[in-house]
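As structure tokens, the structure follows; a few thoughts come after it.
We did not get these values from a lab; they are worked out from the coordinates using the rules stated. Please read all numbers here as calculations on a predicted model, not as lab measurements. We place every Cβ from the backbone using ideal geometry, glycine too, and count neighbours over all the protein chains shown.
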Amino acid sequence: MSRTLFANIIRFIFLVLLQGLILFNVQLFDGNSLPYLYIYFILMLPIRMSPIVVLILSFAMGLAIDTFYNTPGVHASASLVIGFLRYYLIRTLAPRDSYDAMDRPTIYSMGLNWYLRYAILLVIIHHGWLFVLDSIGSFNLWIIIKKTVLSSIFTFILLVITQYMFSKPIRS
């Protein structure tokens, strides 16, 4: 248990610093594609973690990112939304034999097909919510859709690369 806690603390700090100091400055397609790799923290929380703890950690992650981006509550709100929906999505995507042998949702533990459905849905929901909130005052549906799609693709590519780099294959 303490090893999992320590790993999540390190992942939290690393992703906040990576997002706030490096990825904050990365933009593609004239600022329409922005990577939000920090949601990897929320996606990788243990499957059996209490939904309340997931919401608290999601809010903390979003709030930490809001401090770097100077966007009061936008990232915290989007993080809370996926933290909330994550529980229901995991239950909906549950395999026949449940999650007995799995601890975290990774490509290796759940399979590529399961991870694609899980991650893509949460990334699109996060980005859609984020860009809707960010555009309040100058609402333009076309820009919201364009940013959501392009940023989701960019973020998802980074998520898959990160999965293959840092998740360990399951050995038989």
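Quick check on segment 2-166: what does the Kirkwood estimate of hydrodynamic radius come out to from the alpha carbon pairs, in Å? Walk me through the numbers on the way to the answer.
Numbers: mean 1/r = 0.0621 Å⁻¹.
About 16.1 Å for segment 2-166.
Helical content alone sets the calculated 222 nm signal of the chain at -21500 deg cm²/dmol, taking -39,500 (n - 2.57) per DSSP H segment of four or more residues and averaging over every residue. Sparse packing (at most 16 other Cβ atoms within 10 Å of the Cβ) combined with a DSSP loop state is found for the following trypsin sites (Lys or Arg not before Pro) in segment 64-157: R96.
For segment 2-166, relative contact order (Cα pairs under 8 Å, six or more residues apart, normalised by length) works out to 26 percent.
Binning the C-alpha pair distances of segment 1-49 at 5 Å intervals from 0 yields a P(r) profile of 5, 20, 23, 19, 14, 10, 6, 3, 1 %, listed from the shortest bin outward.
A simple packing score, the average count of other Cβ atoms within 10 Å per residue, orders the peptides 56-65, 7-16 as 56-65, 7-16, with the highest score first. In this structure, F139 and Y69 have a Cβ-Cβ separation that, at R0 = 25 Å, corresponds to a calculated FRET efficiency of about 0.80. Here's how it looks for S33: its modeled amide H is under 5 Å from those of L28, which are all 5 or more places away or on a different chain. Loop-resident chymotrypsin sites (Phe, Trp or Tyr not before Pro) (DSSP state other than H, G, I, E or B) in segment 62-166 with no more than 14 further Cβ atoms inside 10 Å of their Cβ: F139.
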